[in-house]
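Engineer: Handing you this structure, nothing more for now.
The values are calculated or read from the model by the stated rules, or taken from the named source; none is laboratory data. Just so it is clear, the structure is predicted and the values come from calculations on it, not from any experiment. Neighbour counts are summed over all protein chains in view; Cβ atoms, including those assigned to glycine, are modelled from backbone coordinates with ideal geometry.
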Ligand SMILES: NC(=O)c1ccc[n+]([C@@H]2O[C@H](COP(=O)([O-])OP(=O)(O)OC[C@H]3O[C@@H](n4cnc5c(N)ncnc54)[C@H](O)[C@@H]3O)[C@@H](O)[C@H]2O)c1
């Protein structure tokens, strides 16, 4: 936990009055941070390992006037993220609600970075109005609320946190395995209705049974470890060859997995190959009396086929957390208007229906806050675009503290022939310590560290590179 807030003075650049140097004083290493030896946040580790003391970040391309670097955080993003940005010296405006497109268009022009969750839409119109914006953070899993192409074309990387809630989903699946095996929710509901119905028929321990995991990625592999600790035998099926964890075994075909498993759980993305990947034919291959769990995406299981198998008693139960159509918000009905089979599914015994809560835990939200704020901070301070969903992923090792005249050039440009020749011609009088570039579609991103650059040279370099024909956005960090 960071225990004190230190004001960060903002100085006008001696070179360019339009350029603001955020001077971190006292140096970062002197920040008052109380860290328990076992509980360090991502930001604390980043500050200690990467930033080091006294990193300064003059921004030379975009006119940042004389105000501080400003970050807009909407939709009640975690206080941890707010604190982390403030400790990096950024001015943070923090709001609990989402903003409409009009509100964004009116106000976005004063911000250099924005953090949102899923309700704020960053449209092409918003991006056009965002004259100072250099980065967008989605403090959630998905990014389809952002016009990713428009953002990339404006030189703005978008960061998210796709895997922060893997553990939460894996734990939910473990609870569902046991709840289904013991018909727990039906018994609990009966008790709440005042009915005593003690039974052991068709109630099982999970120990010694076989769990079949479809998709052995972040969630599937976490689940594998937890399940083995409960004494389950774990099989998995994945389109990639993956090193099994523990004693888990990769199966050559989906059919082989379905035939051997007492529980089948899905952890695949939704794509043309996975839509309805479990339908009548696949369910018929599952063992009689087995269970199906879907916490992945709504369309990977053919629900009418599942309903039929449950009614025929071929399957003994199912747990579903995700649906082809989901209500827009809390308090809204989950009914046949939304999904034609909703009431039928709701009426079947030993079926657990949850409202897409797989990743909804305080821990996952905290991790999302840490991960996305760290990705944004790294991009703003160091130019690292790793983890961006719409941008080439480029990184360079950090500039040493004892290299005060070394600068970092971060040049977003159109991916077209001749750009590197132009840039390298401009850099040719200097010593380029290290350089790396990559492209994604029409957008390319180059990072270069250049030594022995004087204050006057910094401005000249920035102007020349910004004037190249393919330039989208050039920042110089020093
Ligand atoms: N219920 C929730 O709240 C919740 C929360 C987080 C994630 N999810 C969903 O869980 C799913 C898995 O997430 P993850 O983080 O583990 O993803 P991941 O990308 O880490 O893993 C997905 C795995 O599926 C495999 N795969 C892809 N296509 C396949 C196919 N046709 N057959 C077999 N395997 C295939 C991939 O090779 C990969 O190993 C995603 O759909 C995600 O949207 C749901």
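Engineer: Among the residues of the stretch 129-147, which ones are within 17 Å of residue 112 (Cα to Cα) and more than 16 Å from the ligand (Cβ to nearest atom)?
Structural biologist: Within the stretch 129-147, 129, 130, 131, 132, 133, 134, 135, 136, 137, 146 qualify.
Engineer: Does residue 324 meet the test of being surrounded by 15 or more Cβ atoms within 10 Å (Cβ to Cβ) and either assigned by TED's automatic domain parsing to the domain that holds residue 173 or within 27 Å of the chain's Cα centre (by Cα) (or both)?
Structural biologist: Numbers: surrounded by 15 or more Cβ atoms within 10 Å (Cβ to Cβ): yes; either assigned by TED's automatic domain parsing to the domain that holds residue 173 or within 27 Å of the chain's Cα centre (by Cα) (or both): yes.
For residue 324, the condition - surrounded by 15 or more Cβ atoms within 10 Å (Cβ to Cβ) and either assigned by TED's automatic domain parsing to the domain that holds residue 173 or within 27 Å of the chain's Cα centre (by Cα) (or both) - is met.
Engineer: Just checking, which of 387, 359 is within 16 Å of the ligand (Cβ to nearest atom), closer than 22 Å to residue 171 by Cα and modelled with pLDDT under 95?
Structural biologist: On the way: 387 fails: closer than 22 Å to residue 171 by Cα.
Checking each option against the conditions leaves just 359.
Engineer: Report, by residue number, each residue of the stretch 272-294 that is without any contact (Cβ under 8 Å) to a residue 12 or more places away in the chain and away from the ligand (no atom under 11 Å from the Cβ).
Structural biologist: Result: 281, single match.
This table checks each residue for (1) under 25 Å from residue 143 (Cα atoms); (2) within 15 Å of the ligand (Cβ to nearest atom).
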{"residue": "296", "(1), (2)": "yes, yes"}
{"residue": "308", "(1), (2)": "no, no"}
{"residue": "311", "(1), (2)": "no, no"}
{"residue": "317", "(1), (2)": "no, no"}
{"residue": "335", "(1), (2)": "no, no"}
{"residue": "339", "(1), (2)": "yes, no"}
{"residue": "351", "(1), (2)": "no, no"}
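Engineer: Only one of 205, 228 is assigned by TED's automatic domain parsing to the domain that holds residue 349, over 27 Å from residue 275 (Cα atoms), more than 14 Å from the ligand (Cβ to nearest atom) and assigned to a helix (DSSP H, G or I); which?
Structural biologist: That would be 228, the only listed residue that is assigned by TED's automatic domain parsing to the domain that holds residue 349, over 27 Å from residue 275 (Cα atoms), more than 14 Å from the ligand (Cβ to nearest atom) and assigned to a helix (DSSP H, G or I).
Engineer: Taking into account only those residues within the stretch 253-263 that are away from the ligand (no atom under 12 Å from the Cβ) and in a loop (DSSP other than H, G, I, E, B), which is surrounded by the most Cβ atoms within 10 Å (Cβ to Cβ)?
Structural biologist: The extreme case among them is 261.
Engineer: Now for a different question. Kindly indicate which of 469, 454, 428, 439 is at pLDDT 95 or above and out of contact with any strand residue (DSSP E or B) (no Cβ under 6 Å at 6 or more places or on another chain). Don't jump to the end; show me each part of the working.
Structural biologist: Details: 469 fails: at pLDDT 95 or above; 454 fails: at pLDDT 95 or above; 428 fails: at pLDDT 95 or above.
Just one listed residue meets the conditions, 439.
Engineer: While we're on this one: Tell me, please, whether a residue that is assigned to a loop (DSSP other than H, G, I, E, B), at pLDDT 95 or above and over 26 Å from residue 293 (Cβ atoms) can be found in the stretch 399-406.
Structural biologist: First, the residues of the stretch 399-406 that are assigned to a loop (DSSP other than H, G, I, E, B): 399-406.
Those still in the list that are at pLDDT 95 or above too: none.
No, the conditions are met nowhere in the stretch 399-406.
Engineer: With the requirement that a residue be in a loop (DSSP other than H, G, I, E, B) and away from the ligand (no atom under 16 Å from the Cβ), what does the stretch 208-217 give you? Before you say what the answer is, go through the steps one by one.
Structural biologist: Here is the first cut: in the stretch 208-217, the ones in a loop (DSSP other than H, G, I, E, B) are 208-209, 215-217.
Listed by number, the residues that qualify are 208, 209.
Engineer: Based on what the data block shows, is residue 169 more than 30 Å from residue 212 (Cα to Cα) and either surrounded by 19 or more Cβ atoms within 10 Å (Cβ to Cβ) or within 12 Å of the ligand (Cβ to nearest atom) (or both)? Break it down stepwise before answering.
Structural biologist: Values: more than 30 Å from residue 212 (Cα to Cα): no; either surrounded by 19 or more Cβ atoms within 10 Å (Cβ to Cβ) or within 12 Å of the ligand (Cβ to nearest atom) (or both): yes.
So residue 169 fails the test.
Engineer: Can I ask one more? Suppose the filter is closer than 20 Å to residue 171 by Cβ, at pLDDT 95 or above and either surrounded by fewer than 14 Cβ atoms within 10 Å (Cβ to Cβ) or within 11 Å of the ligand (Cβ to nearest atom) (or both); does residue 242 pass it?
Structural biologist: Details: closer than 20 Å to residue 171 by Cβ: no; at pLDDT 95 or above: yes; either surrounded by fewer than 14 Cβ atoms within 10 Å (Cβ to Cβ) or within 11 Å of the ligand (Cβ to nearest atom) (or both): yes.
The answer is no for residue 242.
Engineer: Consider residue 220 carefully, then state whether it is within 8 Å of the ligand (Cβ to nearest atom) and either assigned by TED's automatic domain parsing to the domain that holds residue 300 or assigned to a loop (DSSP other than H, G, I, E, B) (or both). Steps first, answer last, please.
Structural biologist: Values: within 8 Å of the ligand (Cβ to nearest atom): yes; either assigned by TED's automatic domain parsing to the domain that holds residue 300 or assigned to a loop (DSSP other than H, G, I, E, B) (or both): yes.
So residue 220 passes the test.
Engineer: Now for a separate question. I'm trying to understand the selection: among the residues of the stretch 335-347, which are surrounded by 14 or more Cβ atoms within 10 Å (Cβ to Cβ) and under 30 Å from residue 222 (Cα atoms)?
Structural biologist: 345
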